[in-house]
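Undergrad: I have a structure I would like to understand better, so I am pasting it below and will then ask my questions one at a time.
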Amino acid sequence: MDKLKSALDPAIKRIVDPLIASPVPGPHMGGVEDARRSFRVSRRALAPALPEVASVHDVPAADDRPAMRVYRPWGIAGTDVLPAFLFFHGGGWVTGDLDTHDKACRSIANAARCAVIAVDYALAPERPFPAAPDDAHAAYKYVSAAFAELMIDPARLAIGGDSAGANIAAVLALKLRNVGAPPPRRQILIYPLTDFSAKTASKAEFEHGPTLNRAALDWFARQYLPDSAMATDWRASPLLASDHRHLPAALIITCGHDPLRDEGIAYADRLESAGVRVRRRHFPGQIHGFLLMGGVVPETTILIGEVASELQHAFAG
């Protein structure tokens, strides 16, 4: 095996082998609602038991911002002011919601001892690009202004997400830099898509994979980007931004058996070349999406620990 890819984690192999033997239809084989339903069902089957937290509070949407869900970690008094992690869920800009990532957000809150604020951003195709990054910016502005109500420290904010959510977080970091807004302490990018137009070795290697593959990626792109020319817009493909200087320090997590592996690595390279501090964590035996597989994949706990450790370090600085 090469240094980027080892044998599949045995826990992952037990998930993937039946899919190879009897493939299930990908999102491109049905409609949007079928894809959303399938994502919810599959992630529920792989999730851990519900982690208990101190509180969960839903913030309704308003004209100028999306809905959000605020988690406070177990054992924290209701009056304590906490650092906060603004989290954007994955799901290809089309699927996923506050509920699909509920257990992951709870686990991160407990492990990092911070508030986690999950954002219910706009989904395509009903609200295509650039609605999602616009919602992300609106959510960040709201959280920064409503710190007293949310009982969070506005000087200790971090942003991040998984997959499509990591893409949105990377774009948000660039946008905040561009408008001169106070930067987040950290950007946590878990197996991000960073370039819709990229033709990488990992995309070719896993073109026909049993989980995330080229057909699924192309379908998500068609839903999210009304015009294929938008693929080179930095708000869709943050790797293609003209300037990556003066961005928040980053934790970038990649997986060996993931078509997005190489563009995650490329984004880490690009940030480092621009003088941004990057910590890389690579899981050579893992597949895309394993953040939501904590019920069957022990390494998910390690992933959450890496995120929590990075957040604690960021908030302590």
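Here, each number is a calculation from the coordinates, and none is a lab measurement. Quick caveat, the model's predicted, so the values are computed rather than measured. Note: ideal-geometry Cβ built from the backbone for every residue, glycine included; neighbour counts use all protein chains shown.
Undergrad: Under the Kirkwood approximation applied to all pairs of distinct alpha-carbon atoms, what is the hydrodynamic radius of the range 21-175 in Å?
TA: Numbers: mean 1/r = 0.0623 Å⁻¹.
It is 16.1 Å.
Undergrad: Here is a further query. If you take every residue apart from Leu157 with its C-beta less than 10 Å away from the C-beta of Leu157, what net charge results, scoring Lys and Arg +1 and Asp and Glu -1? Intermediate results must be reported in sequence, preceding the final value.
TA: Working: positive: Arg156, Arg185, Arg186; negative: Asp153.
After counting each charged neighbour, the total is +2.
Undergrad: Going by average Cβ density within 10 Å per residue, which order do the peptides 246-257, 200-211, 64-75 take, highest to lowest? Kindly include the intermediate steps, with their values, before the conclusion.
TA: Values: 246-257: 23.0, 200-211: 16.4, 64-75: 19.1.
The packing order, highest mean first, is 246-257, 64-75, 200-211.
Undergrad: Calculate the radius of gyration of the Cα atoms of the chain to one decimal place, then report Dmax, the largest Cα-Cα distance, as a whole number, both in Å.
TA: When restricted to Cα atoms, the chain yields Rg and Dmax of 18.1, 53 Å.
Undergrad: Another question, then. Note down the nm distance, to one decimal, between modelled labels 7 Å out along Cα→Cβ at Glu149 and at Leu19.
TA: Calculated label separation equals 4.0 nm.
Undergrad: Additional query: Could you order the peptides 172-180, 82-90 from most to least packed, using the average number of other C-beta atoms within 10 Å per residue? Working shown, then result.
TA: Numbers: 172-180: 18.1, 82-90: 27.1.
The packing order, highest mean first, is 82-90, 172-180.
Undergrad: Within the chain, how many lysine pairs that are 8 or more places apart, or on different chains, have C-alpha atoms less than 30 Å apart?
TA: 16
Undergrad: Run the simple label-point estimate for Ser228 and His313 please: 7 Å along Cα→C-beta, distance reported in nm.
TA: 4.2 nm
Undergrad: Okay, moving on. Compute the Cα gyration tensor for the range 231-317, then decide on rounded, prolate or oblate, letting a ≥ b ≥ c be the square roots of its eigenvalues: rounded whenever a/c is under 1.5, prolate when a/b is larger than b/c in the other cases, and oblate in all that remain. Write out the running numbers ahead of the final one.
TA: On the way: a/c = 2.37, a/b = 1.34, b/c = 1.77.
Oblate is the answer for the range 231-317, as a/c is 1.5 or above yet b/c matches or exceeds a/b.
Undergrad: While we're looking at this one, here's another question. Using alpha-carbon positions, what is the distance between the centroids of the range 241-317 and the range 189-236, in Å?
TA: 18 Å
Undergrad: Let me ask something else. Classify the range 222-268: rounded, prolate or oblate, from the alpha-carbon gyration tensor (a ≥ b ≥ c, eigenvalue square roots; a/c under 1.5 rounded; otherwise prolate if a/b is larger than b/c)?
TA: Working: a/c = 2.69, a/b = 1.21, b/c = 2.22.
Oblate shape, in that a/c is at least 1.5 and b/c is the bigger or equal ratio.
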